[in-house]
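Structure record follows, encoded as structure tokens.
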């Protein structure tokens, strides 16, 4: 039961992250915080960096949830190959997105890097969506596989 909600939470927060990222890109605030991973004001943002800082915070939470979902997709009893593949790909794409996010900032929004970042984001969303759908197809009461 926990795994289902972990997968669903990953999907919901990822959608929120994509929404925030789209807002940053379309409003021209993509380089408000010109250093990665922290803004010039440090861990806590000043008003100037708040929107970009929120995007980075939500990205960190999203990455953590998606990687946790990927790990759990292998540990939950009754998980099938499709669930493991989509969960693992989501974890890989999440890791790629974090690296690409840093590259996007360090290359000052170079168009090709931004396009790749957006493309991988779509693949990440697709794999996270499939993982959540497969998780809800698992029989109720699934637990972690025993090591024995």
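Points to keep in mind about this one:
- Among 3, 136, a tally of other beta-carbon atoms within 10 Å of each Cβ gives an order, fewest to most, of 136, 3.
- Helix 2-27 axis, angle to the chain major axis (alpha carbon atoms, nearest 10°): 20
- Note that the chain, at 4 °C in a medium of 1.567 mPa s, gets a Stokes-Einstein diffusion coefficient of 81 µm²/s from its Kirkwood radius over C-alpha pairs.
- Among 53, 72, 36: highest mean-square fluctuation, GNM of the chain, C-alpha pairs under 10 Å: 36
- Chain lengthening between residue 123 and residue 12 when straightened (0.36 nm per residue, less Cα-Cα): 38.4 nm
- Residue among 115, 68, 90 with the largest mean-square fluctuation in a Gaussian network model of the chain, springs linking Cα atoms under 10 Å: 115
- Pairwise FRET efficiency - residue 75 versus residue 46, Cβ, R0 = 25 Å, nearest 0.05: 0.05
- Contact order relative to length of segment 17-148, as percent, for alpha carbon pairs under 8 angstrom and 6 or more apart: 27
- Here each label is just a point 7 Å from Cα along the line to Cβ, and for residue 106 and residue 137 those points are 3.9 nm apart.
- Max mean-square fluctuation residue, GNM over the chain, Cα-Cα springs under 10 Å, options 124, 31, 17: 31
- Helix 50-75 axis versus longest C-alpha principal axis of the chain: approximately 20°, rounded to the nearest ten.
- On the beta carbon distance between residue 115 and residue 85, with R0 = 22 Å, the FRET formula returns roughly 0.30.
- Shown here: segment 1-65, whose C-alpha atoms stretch 41, 25, 16 Å along the first, second and third principal axes, sorted largest to smallest.
- Cα-based helix-to-principal-axis angle, 111-135 vs the chain, degrees rounded to 10: 20
No value in this document is a laboratory result; all are computed from the given coordinates. The structure displayed is predicted, hence computed values, not measured ones. In this analysis, Cβ positions are derived from the backbone assuming ideal geometry, glycine residues included, and neighbour counts consider all displayed protein chains.
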